[in-house]
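The values are calculated or read from the model by the stated rules, or taken from the named source; none is laboratory data. Keep in mind that what you see is a predicted model, and the values were worked out from it rather than measured. In this analysis, Cβ positions are derived from the backbone assuming ideal geometry, glycine residues included, and neighbour counts consider all displayed protein chains.
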């Protein structure tokens, strides 16, 4: 059995390990779609030859045209689908998968089905991953209707603004008391020993104790 990796323009069957699960599955579908496209290209060439040999010219022209489209599709898928997928450019790969899938449906249906399956599987990559949290809301207390004859519930009266605090009138100014006559200042003398001044009625210096 020939090694698939040696087929020209055929992408690798496995991609990078970091690919998300959806991208990894889409890449696998696209790989089988490209492989079947190559097989269908060989079949289309054989059918074209048989049609021309048997004189069925319309069928021969159709198979020649289909073989050309399949060869073009097989060649472009490596650069337009697998390289963007392996580089994380999922939007670019998704657009190309849709175009090539529709084109594959027109010419020999099976490759188009695999490419469209890859397109559908890849769409999961674009869905936002989020966690739903319970909605928190305030529930007002339920009010039950009062029974007839029951006393009405007491409702506190609306609060009124507090009255301004009463301020007593300022006391009348009091006339200042007459100043007491200043006492006559005692005569001061200077200590001959330490130079401190002290009243003359003291016989010794309060600082050093020397007699005056």
Test: residue 115 is closer than 16 Å to residue 36 by Cα, crowded, with 19+ Cβ neighbours inside 10 Å and at pLDDT 85 or above: yes
Tally of residues being farther than 16 Å from residue 8 by Cα and touching a residue at least 40 places away in the same chain (Cβ under 8 Å) across the stretch 66-80: 1
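Which residues, taken from the stretch 69-89, are buried (at least 21 other Cβ atoms within 10 Å of the Cβ) and under 21 Å from residue 127 (Cβ atoms)? Explain how you work it out, then say what you get.
Kept after step one, since they are buried (at least 21 other Cβ atoms within 10 Å of the Cβ), are these residues of the stretch 69-89: 70, 73-74, 77, 81, 85.
Hits for the stretch 69-89 are 81, 85.
Test residue 104 against the criterion of being at pLDDT below 85 and either surrounded by 10 or more Cβ atoms within 10 Å (Cβ to Cβ) or assigned to a helix (DSSP H, G or I) (or both), and give yes or no.
Working: at pLDDT below 85: yes; either surrounded by 10 or more Cβ atoms within 10 Å (Cβ to Cβ) or assigned to a helix (DSSP H, G or I) (or both): yes.
Yes: the conditions hold for residue 104.
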Condition broken by residue 125, with the remaining ones in (1) within 21 Å of residue 10 (Cβ to Cβ); (2) at pLDDT 85 or above satisfied: (1)
Among residues of the stretch 40-68, those that are surrounded by fewer than 18 Cβ atoms within 10 Å (Cβ to Cβ), under 16 Å from residue 110 (Cβ atoms) and in contact with a helix residue (DSSP H, G or I) (Cβ under 7 Å, 6 or more places away or on another chain), counted: 0
